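> Let me begin by handing over the structure; questions about it come next.
The values are calculated or read from the model by the stated rules, or taken from the named source; none is laboratory data. Note that the coordinates shown come from a computational prediction; the quantities given were computed from them, not determined experimentally. Every residue, glycine among them, receives a Cβ derived from its backbone with ideal geometry; neighbour counts consider all protein chains shown.
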Amino acid sequence: MSIQNVMVIGAGQMGSGIAQVCAQAGLNVKLNDMKQEAYDKGIATITKNLSRNVEKGRMTEKEKIAVLSRITSSLDLKDAHDVDIVIEAAVENMAIKHSIFKTLDEVAPKHAILATNTSSLPITEIAAVTNRPEQVIGMHFMNPVPIMKLVEIIRGLATSDEVYKKVEEMTVQLSKTPVEVNDFPGFVANRILMPMINEAIFTLQEGVATKEAIDDIMKMGMNHPMGPLELADFIGLDTCLYIMEVLHEGFGDSKYRPSPLLRQYVKAGWLGKKTGRGFYSYA
Ligand SMILES: CC(=O)CC(=O)SCCNC(=O)CCNC(=O)[C@H](O)C(C)(C)COP(=O)(O)OP(=O)(O)OC[C@H]1O[C@@H](n2cnc3c(N)ncnc32)[C@H](O)[C@@H]1OP(=O)(O)O
Ligand SMILES: NC(=O)C1=CN([C@@H]2O[C@H](COP(=O)(O)OP(=O)(O)OC[C@H]3O[C@@H](n4cnc5c(N)ncnc54)[C@H](OP(=O)(O)O)[C@@H]3O)[C@@H](O)[C@H]2O)C=CC1
């Protein structure tokens, strides 16, 4: 059965982007969040992105309206009763993902694939709370989703070849490039990226240089599009901390210990761009 109906869970920065690219590829999308305001915020971001495409001549106004008409609001996981795939992009927390996947296993059709956009949590452990571990898979999009080409596809221990192939095909349909990896802490992207960001935070904490200097060095010296502190703000400092905790616990190696300054910022609610303040301030 081909994939036509999708539920995306979490209308935050990742979920809204995933919903947008699915709808642009002609799929019907139910965008689920716990609160109507979160959905409204997600749809406002999608509308802004699509309007920019219209202004730039990449899409007509009619096409924009058609894309938006394929996205509907959902505030209840039971709405997954008729979808072919669910892509979960709620908060990076195992207890929350377990609860979502348990419910999805009960309400989604038997054939439905249950994918997660987790940036680091073990797919095998998420799959274990369902009765269909062979249909659970990691589909790790990069931020900002409408722009970034990569989707890291993570096989859990039980993920079937058939499910992997379907998700790979869907990724290509979304005009993205799938890259296969195995289920190990942080997968590949964040096992390499996040220790660099964490080290930049230690460098700031130790007073080696200012935040601007650290970012300038990595931008100009390594040709990175964003410096590591600016990137941390962009990703969300809460997400960065959760990922470092997964690496630390998963490998049991002190080289992955999260920076105390990162912990402090998260405790203060300075989560980066999404809350208006992180290492930098955002008006
Ligand atoms: C944590 C994880 O689990 C995994 C991750 O995702 S890690 C994060 C991975 N992402 C990155 O590393 C991003 C690094 N940054 C970049 O690549 C670039 O800075 C960027 C693409 C975000 C912006 O590019 P830029 O050239 O600096 O700025 P800008 O010219 O404003 O933007 C380029 C285009 O991207 C669009 N864009 C920028 N931010 C966007 C966003 N948040 N959403 C949608 N579109 C966006 C802009 O509108 C612009 O589009 P046009 O073609 O219409 O002009
Ligand atoms: N940020 C990034 O760069 C990347 C993040 N990811 C992963 O994507 C996921 C989402 O991250 P991101 O979009 O940045 O986070 P955001 O905080 O922007 O969005 C998360 C959204 O999910 C909602 N939510 C929380 N719990 C539930 C639930 N039980 N049911 C439905 N919705 C829920 C949140 O609501 P509320 O705010 O009310 O809690 C919020 O609207 C995480 O797993 C993260 O690791 C993957 C790749 C890149």
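> Count, please, the residues in segment 8-42 that happen to be farther than 18 Å from Lys273 by Cα and part of a helix (DSSP H, G or I).
Kept after step one, since they are farther than 18 Å from Lys273 by Cα, are these residues of segment 8-42: 8-9, 18-37, 39-40.
Add one more test, that the residue is part of a helix (DSSP H, G or I), and what stays is 18-24, 36-37, 39-40.
Here the count works out to 11.
> Let me ask something else. Where in segment 107-205 are there helices (runs of 4 or more DSSP H), lying wholly inside it, with at least 3 residues that are more than 18 Å from the chain's Cα centre (by Cα) and under 29 Å from Arg263 (Cβ atoms)?
On the way: elements: 123-127, 161-173, 189-205.
Helices (runs of 4 or more DSSP H) meeting the threshold: 189-205.
> Ok, one more. Take residues that are away from ligand 2 (no atom under 15 Å from the Cβ) and tell me which of the helices (runs of 4 or more DSSP H) falling wholly in segment 207-283 contain 2 or more.
By residue number, 211-222, 237-251, 260-268.
> Looking at Ala95, is it more than 11 Å from ligand 2 (Cβ to nearest atom) and either in contact with an Asp or Glu (Cβ under 8 Å, 6 or more places away or on another chain) or assigned to a helix (DSSP H, G or I) (or both)? I'd like the intermediate steps shown before the answer.
Details: more than 11 Å from ligand 2 (Cβ to nearest atom): no; either in contact with an Asp or Glu (Cβ under 8 Å, 6 or more places away or on another chain) or assigned to a helix (DSSP H, G or I) (or both): yes.
Here the answer is no, as Ala95 does not meet what is asked.
> Suppose we filter segment 26-66 for residues that are closer than 18 Å to Gly10 by Cα and more than 16 Å from ligand 2 (Cβ to nearest atom); how many remain?
Of the residues in that region, 3 qualify.
> Would you pick out the residues in segment 39-67 that are of a type outside the set (A, V, I, L, M, F, W, C), farther than 22 Å from Ala89 by Cβ and buried (at least 17 other Cβ atoms within 10 Å of the Cβ)?
The one that is of a type outside the set (A, V, I, L, M, F, W, C), farther than 22 Å from Ala89 by Cβ and buried (at least 17 other Cβ atoms within 10 Å of the Cβ): Lys64.
> Could I ask something else about it? Every residue in segment 124-146 that is within 13 Å of ligand 2 (Cβ to nearest atom), of a type in the set (A, V, I, L, M) and buried (at least 23 other Cβ atoms within 10 Å of the Cβ), please.
Ile126, Met139, Val145, listed by residue number.
A quick yes/no check of all residues on (1) touching a residue at least 40 places away in the same chain (Cβ under 8 Å); (2) of a type in the set (Ser, Thr, Tyr):
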{"residue": "Leu68", "(1), (2)": "yes, no"}
{"residue": "Leu75", "(1), (2)": "yes, no"}
{"residue": "Val86", "(1), (2)": "yes, no"}
{"residue": "Thr103", "(1), (2)": "no, yes"}
{"residue": "Val107", "(1), (2)": "no, no"}
{"residue": "Arg132", "(1), (2)": "no, no"}
{"residue": "Asn143", "(1), (2)": "yes, no"}
{"residue": "Leu150", "(1), (2)": "no, no"}
{"residue": "Gly156", "(1), (2)": "no, no"}
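> Scan segment 147-160 residue by residue and report those that are crowded, with 17+ Cβ neighbours inside 10 Å and within 14 Å of ligand 2 (Cβ to nearest atom).
Listed by number, the residues that qualify are Val151, Glu152, Ile153, Ile154.
> To continue, here is another question. Considering segment 11-55 alone, what residues qualify as being closer than 25 Å to Val107 by Cα, of a type outside the set (Phe, Trp, Tyr) and in contact with an Asp or Glu (Cβ under 6 Å, 6 or more places away or on another chain)?
Ala11, Lys30
> Take Ala23 and decide whether it is away from ligand 2 (no atom under 16 Å from the Cβ) and either under 19 Å from the mean Cα position of the chain (by Cα) or surrounded by fewer than 18 Cβ atoms within 10 Å (Cβ to Cβ) (or both).
On the way: away from ligand 2 (no atom under 16 Å from the Cβ): yes; either under 19 Å from the mean Cα position of the chain (by Cα) or surrounded by fewer than 18 Cβ atoms within 10 Å (Cβ to Cβ) (or both): yes.
Criteria met by Ala23.
> Looking at Ile87, Ile46 in this structure, which one is in a helix (DSSP H, G or I) and modelled with pLDDT of 95 or more? Can you show your working first?
Details: Ile87 fails: in a helix (DSSP H, G or I).
Unique residue meeting the criteria: Ile46.
> Look through segment 1-33, keep the residues that are farther than 21 Å from Ile65 by Cα and out of contact with any Gly (no Cβ under 9 Å at 6 or more places or on another chain), and return whichever of them is modelled with the lowest pLDDT.
If we take residues in segment 1-33 being farther than 21 Å from Ile65 by Cα and out of contact with any Gly (no Cβ under 9 Å at 6 or more places or on another chain), then Met1 is modelled with the lowest pLDDT.
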